[in-house]
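**Student:** Got a structure for you, written out below as structure tokens; questions coming shortly.
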């Protein structure tokens with residue numbers, strides 16, 4: 001029996017958080033720059049795929065179904081393009097959750113509200129571009145194309161670490177919904193450090 005969407009989303013985000021922890025250890029580990037970046041890119045690709053799967057779970061939460069052509073996919077680009085083509089806009093929005101103001105309580109009859117953080121947003125197209133950039137690290141360097149590992153790192157290392165940092169800020173605390181149903185997630189709760197998912201309606 002399949003787990004409910006809340007549990008599926010928590011499992012995905014827990015995996016994403018674990019991979020970010022590995023990336024953080026790689027960033028400060030001893031060893032060659034190329035090897036550390038290569039390993040970080042591997043986890044980065046899986047982070048992006050986990051987030052894309054989360055978009056499918058949020059779609060199922062809101063619509064009670066997901067597109068057939070996306071359900072069996074693992075490639076993040078394919079999944080996100082499938083959702084976009086169908087006009088399904090389930091995509092994370094960096095956010096904080098806070099107590100509702102008196103005005104919000106009166107107007108919307110809510111006790112909490114989710115407030116977006118525009119500076120941390122990543123568009124779907126740029127998210128896919130980051131995923132594509134990580135792909136270049138996943139194959140052995142062709143000696144007829146790439147001069148050597150040091151040169152490759154010099155050309156692509158900085159953008160890889162920047163992409164990973166941007167994605168972590170993007171997903172660290174976020175809201176995701178479709179048709180007014182979705183989740184608020186924090187990868188590291190401020191009280192106990194655990195990954196948590198709270199089901200919410202869009203008006204909450």
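**Student:** Among 80, 56, 10, 63, which is in contact (Cβ under 8 Å) with a residue 12 or more places away in the chain, over 17 Å from residue 138 (Cα atoms), surrounded by 17 or more Cβ atoms within 10 Å (Cβ to Cβ) and in contact with a strand residue (DSSP E or B) (Cβ under 8 Å, 6 or more places away or on another chain)?
**Tutor:** On the way: 80 fails: in contact with a strand residue (DSSP E or B) (Cβ under 8 Å, 6 or more places away or on another chain); 56 fails: in contact with a strand residue (DSSP E or B) (Cβ under 8 Å, 6 or more places away or on another chain); 63 fails: surrounded by 17 or more Cβ atoms within 10 Å (Cβ to Cβ).
On inspection, the qualifying residue turns out to be 10.
**Student:** Do we find a residue being more than 17 Å from residue 37 (Cα to Cα) and surrounded by fewer than 12 Cβ atoms within 10 Å (Cβ to Cβ) anywhere in the range 170-182?
**Tutor:** The answer is yes, given that some residue of the range 170-182 is more than 17 Å from residue 37 (Cα to Cα) and surrounded by fewer than 12 Cβ atoms within 10 Å (Cβ to Cβ).
**Student:** Does residue 89 qualify as being under 18 Å from the mean Cα position of the chain (by Cα), surrounded by fewer than 17 Cβ atoms within 10 Å (Cβ to Cβ) and at pLDDT 85 or above?
**Tutor:** Yes.
**Student:** What is the one condition in (1) touching a helix residue (DSSP H, G or I) at 6+ places or on another chain (Cβ under 9 Å); (2) at pLDDT 95 or above; (3) over 22 Å from residue 73 (Cβ atoms) that residue 25 does not satisfy?
**Tutor:** Unmet condition: (1).
The values are calculated or read from the model by the stated rules, or taken from the named source; none is laboratory data. Just so we're clear, the structure is a prediction, and the values are computed from it rather than from any experiment. Neighbour counts run over all protein chains shown; Cβ positions are idealised from the backbone, glycine included.
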